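Quick notes on the structure that follows.
The values are calculated or read from the model by the stated rules, or taken from the named source; none is laboratory data. This one's a predicted model, so the numbers in the text were calculated from it and none came from an experiment. Using ideal geometry, Cβ is built from the backbone for each residue, glycine included, and neighbour counts are taken over all protein chains shown.
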Amino acid sequence: MKYLVMVQGSQADYEGMAGRGSAGSPAWDKAQLQAMFDHMNAINEELTSTGEMLDAQGLAAPSTTRFVTVDANGDPVVTDGPYAETKEVLAGYWILDCPTLDRVTEIAAQVARCPVPPGSPDHPVVIRPIDETVPTLD
């Protein structure tokens, strides 16, 4: 079965990783960043070798986000970030093909063990099964 495994974060986390800490997220140093990248790369290499990884991406900072809606006339309404009211956003994801929910939960726990600086917020790793059913219009 296919699963979407999502890592949460915030704009403050991205700022902290750029060395600009705040009350919401401490500043990371180069060694801490390298430890995080090494951890995630090891997971990616394992998942590639087992054939479970279909895709994985880290996402750019929430401040680069663009929301697109439409007005009453169907014309686009575009709003740029950052969004102070948004506490958590999607920071990265994996699309995995795993035999069981238990296996993907093991992987999510491995992701959650990623090294971070002391005082970093604790963001969940979210698992969502991908619905591959094809709806019928009977």
Say whether the condition of being touching a Ser or Thr at 6+ places or on another chain (Cβ under 7 Å), more than 18 Å from residue 125 (Cβ to Cβ) and at pLDDT below 95 is met by at least one residue in region 19-39. yes
Of all residues in region 58-83, how many are of a type outside the set (A, V, I, L, M) and loosely packed, with under 11 Cβ neighbours inside 10 Å? 10
Output the qualifying pairs, or none if there are none: Cβ atoms under 6 angstrom, residues six or more apart or on different chains, first residue in region 4-27 and touching a residue at least 12 places away in the same chain (Cβ under 8 Å), second residue buried (at least 21 other Cβ atoms within 10 Å of the Cβ) and charged (D, E, K, R). 25/13
Does residue 75 satisfy the criteria of being of a type in the set (D, E, K, R) and closer than 23 Å to residue 126 by Cα? no
Show me the strands (runs of 3 or more DSSP E) found entirely inside region 46-138 where at least 1 residues are of a type in the set (Asp, Glu) and either more than 16 Å from residue 25 (Cβ to Cβ) or free of Cβ contacts under 8 Å to residues at least 60 places away in the same chain (or both). 53-58, 76-80, 89-97
Answer yes if at least one residue in region 93-110 is at pLDDT below 95 and of a type in the set (Lys, Arg), and no otherwise. no
